[in-house]
Amino acid sequence: MIAPVSKANAAHYLWGQACEGWHLLERSDLHVIHELMPQGAGETAHRHEIARQVFFVLSGKLGMEIEDTIHQLAPHDSLEIAPGIVHRAFNAGREPVEFLVISHPSTRGDRQDEPL
């Protein structure tokens, strides 16, 4: 049955430094997560061997560290991360940041922590 999915009814989880996520679509070939990252929070640098990801900012400011470059993403900005690229997302603003992470295929079992 086809039905709308939102933060109100999606599978919820906690991760990292008080961050939250909601699985909007969780399939082996495509994974869409709505994430909330509080001020000052961030994730560990890592890479995905197979998955390609797109980060799309809904509200707030998302920082994305990729090798020696830091990108500042504002609402409605997106950034593609190709497989094998070491990256780290962090909250670059003074308010929570909400964003979508779209992964093809799913990142399940495809994450390796790496230093930047």
The condition from (1) surrounded by 14 or more Cβ atoms within 10 Å (Cβ to Cβ); (2) modelled with pLDDT of 95 or more that His12 misses is numbered (1)
> Out of curiosity, is Gly21 surrounded by 13 or more Cβ atoms within 10 Å (Cβ to Cβ), touching a strand residue (DSSP E or B) at 6+ places or on another chain (Cβ under 6 Å) and on the phi > 0 side of the Ramachandran plot?
Replying inline: no
Scanning region 76-116 for residues that are of a type in the set (A, V, I, L, M) and not in a strand (DSSP E or B), the one surrounded by the most Cβ atoms within 10 Å (Cβ to Cβ) turns out to be Ala92
Across region 45-71, the tally of residues that are more than 28 Å from Asn9 (Cα to Cα) and of a type in the set (Val, Ile, Thr) stands at 4
So, first residue in contact (Cβ under 8 Å) with a residue 12 or more places away in the chain and more than 16 Å from Ile85 (Cβ to Cβ) in region 56-72, second residue among the acidic types (Asp, Glu) and not in a loop (DSSP other than H, G, I, E, B), Cβ within less than 8 Å, six or more apart or across chains; the pairs are Val57/Glu98; Leu58/Glu98; Ser59/Glu98; Gly60/Glu98
Across (1) in contact with a strand residue (DSSP E or B) (Cβ under 8 Å, 6 or more places away or on another chain); (2) under 15 Å from Ile102 (Cα atoms); (3) not aromatic (Phe, Trp, Tyr), Gly16 clears everything bar (2)
Counting only residues that are crowded, with 16+ Cβ neighbours inside 10 Å and either at pLDDT below 95 or closer than 14 Å to Ser103 by Cβ (or both), region 47-75 contains a total of 7
Result of the Cβ filter at 7 Å on region 23-38, keeping first residues that are of a type outside the set (D, E, K, R) and partners that are exposed (fewer than 14 other Cβ atoms within 10 Å of the Cβ) and in a loop (DSSP other than H, G, I, E, B), at least 6 apart or interchain, is His34/Lys7; Pro38/Ala18
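The values are calculated or read from the model by the stated rules, or taken from the named source; none is laboratory data. These numbers were taken from a predicted model, which means no experiment stands behind them. Glycine also receives a Cβ, built like all others from the backbone with ideal geometry; neighbour counts cover every protein chain displayed.
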